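The values are calculated or read from the model by the stated rules, or taken from the named source; none is laboratory data. All values reported here derive from a predicted model rather than from experimental measurement. Positions of Cβ are backbone-derived with ideal geometry, glycine not excepted, and every protein chain shown enters the neighbour counts. What goes into the accessible areas is simple: the full protein's heavy atoms, side chains included, and nothing from ligands, DNA or RNA. Shrake-Rupley method; radii C 1.70, N 1.55, O 1.52, S 1.80 Å.
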Amino acid sequence: MSWNLGVFLIELLFGAFDISSIATVILAIATVVLVVVTIYYARTTTAILIEQRKSRKILHIDKKIEKLYLLKHDLRHKKNFWIVGENNRYHLNVEKIKFQFTYLFSKRLNDKLDLLIEKLVTADNEKELKMMPWELDYIKRITDKTLEIVENEIKTCENELNELVG
């Protein structure tokens, strides 16, 4: 004996089924509806989580780009790293170079900043300095290399940001 939808509907209309059979059918339909709603909810929740991760990553990259541009500006205007102290003598402001946001920068850039700070501190401690430390050739070379790394990181971040947004 095979199951037939037409026969089922006729028997349902004329009361051939008892209450327990009808309850079983209703429960089966309710279960199917619940499964469909659960699948829809799971897919929607997953899509929302993916978008939230993407938004956080965009904010992180945006902040990194902002700090890289600030560092680039300061490296181009080397006087920003110096403060005027006693007797109108310039003193190195290490905190200005070594941002509180260095966790955003690559290891390569952080290493180059550490080297720059080390060389600037050495130049700052020279007693008979005939020119300003930022005018020294080796400081200029290190600064130029650091600027090159910063510009490469900016390009990388901008490309990554364009991929996420686009």
* Limited to the range 112-166, what total is found for residues that are open to solvent by 90 Å² or more (accessible area, probe 1.4 Å) and of a type in the set (A, V, I, L, M)? -> 1
* Subset tally (residues that are under 18 Å from the mean Cα position of the chain (by Cα) and not hydroxyl-bearing (Ser, Thr, Tyr)) for the range 20-70 -> 21
* List pairs: first in the range 142-154 and within 18 Å of Ala123 (Cα to Cα), second loosely packed, with under 15 Cβ neighbours inside 10 Å and not acidic (Asp, Glu), Cβ under 8 Å, 6+ apart or cross-chain? -> Ile142/Leu115
* Mind counting the residues in the range 57-75 that are without any contact (Cβ under 8 Å) to a residue 60 or more places away in the chain and among the aliphatic types (A, V, I, L, M)? => 2
* Asked: Which residue pairs have Cβ atoms closer than 8 Å, lie 6 or more positions apart in sequence or on different chains, and pair a first residue in the range 117-128 that is at negative phi and part of a helix (DSSP H, G or I) with a second residue that is at pLDDT 80 or above and open to solvent by 50 Å² or more (accessible area, probe 1.4 Å)?
  -> Lys119/Tyr138
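Has the range 138-161 got any residue that is aliphatic (A, V, I, L, M) and in contact with an Asp or Glu (Cβ under 8 Å, 6 or more places away or on another chain)?
yes
So which residues in the range 122-165 are under 22 Å from Leu68 (Cα atoms), among the β-branched types (Val, Ile, Thr) and out of contact with any Phe, Trp or Tyr (no Cβ under 8 Å at 6 or more places or on another chain)?
The answer is Ile139, Ile142, Thr146, Ile149, Val150, Thr156, Val165.
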